[in-house]
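Student: Questions regarding the structure given below will be posed in turn.
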Amino acid sequence: MRVQITLACEECKRRNYTTTKDKKSHPDRMETKKYCKFCRKHMPHKETKK
């Protein structure tokens, strides 16, 4: 079962990306480094609640 998640920048807290993940294989919150257009650099983005 794949669910849609929202990724938010760690520094500015803006929600920049949406993606999907499999809850069975990854039950904990996802974190990845992505480009933030507001900070203008690559920053860690964490999964947020909707």
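The values are calculated or read from the model by the stated rules, or taken from the named source; none is laboratory data. From a predicted model like this one, the values you see are computed outputs, not experimental measurements. No Cβ is skipped: glycine too gets one built from the backbone with ideal geometry, and neighbour counts run over all protein chains shown. Note: accessible area is taken over every heavy atom of the protein model, side chains too, but ligands, DNA and RNA are not part of it. Shrake-Rupley method; radii C 1.70, N 1.55, O 1.52, S 1.80 Å.
Student: Kindly indicate whether Lys13 is outside any strand (DSSP E or B) and not acidic (Asp, Glu).
Tutor: Taking the combined requirement at face value, the residue satisfies it.
Student: Additional query: Can you give me the number of residues within region 30-46 that are part of a loop (DSSP other than H, G, I, E, B) and either aromatic (Phe, Trp, Tyr) or free of Cβ contacts under 8 Å to residues at least 12 places away in the same chain (or both)?
Tutor: 2
Student: Looking at Thr20, Thr48, which is the one that is in contact with a strand residue (DSSP E or B) (Cβ under 8 Å, 6 or more places away or on another chain), surrounded by fewer than 11 Cβ atoms within 10 Å (Cβ to Cβ) and hydroxyl-bearing (Ser, Thr, Tyr)?
Tutor: When all the criteria are applied, what remains is Thr20.
Student: Select from region 23-34 the residues that are touching a strand residue (DSSP E or B) at 6+ places or on another chain (Cβ under 8 Å) and open to solvent by less than 100 Å² (accessible area, probe 1.4 Å) and write down the one among them that is modelled with the lowest pLDDT.
Tutor: Met30
Student: Moving on. Being in contact with a Leu (Cβ under 8 Å, 6 or more places away or on another chain) and of a type in the set (Val, Ile, Thr) is the filter here; which residues of the chain pass it?
Tutor: Scanning the chain gives Thr18, Thr19, Thr32, Thr48.
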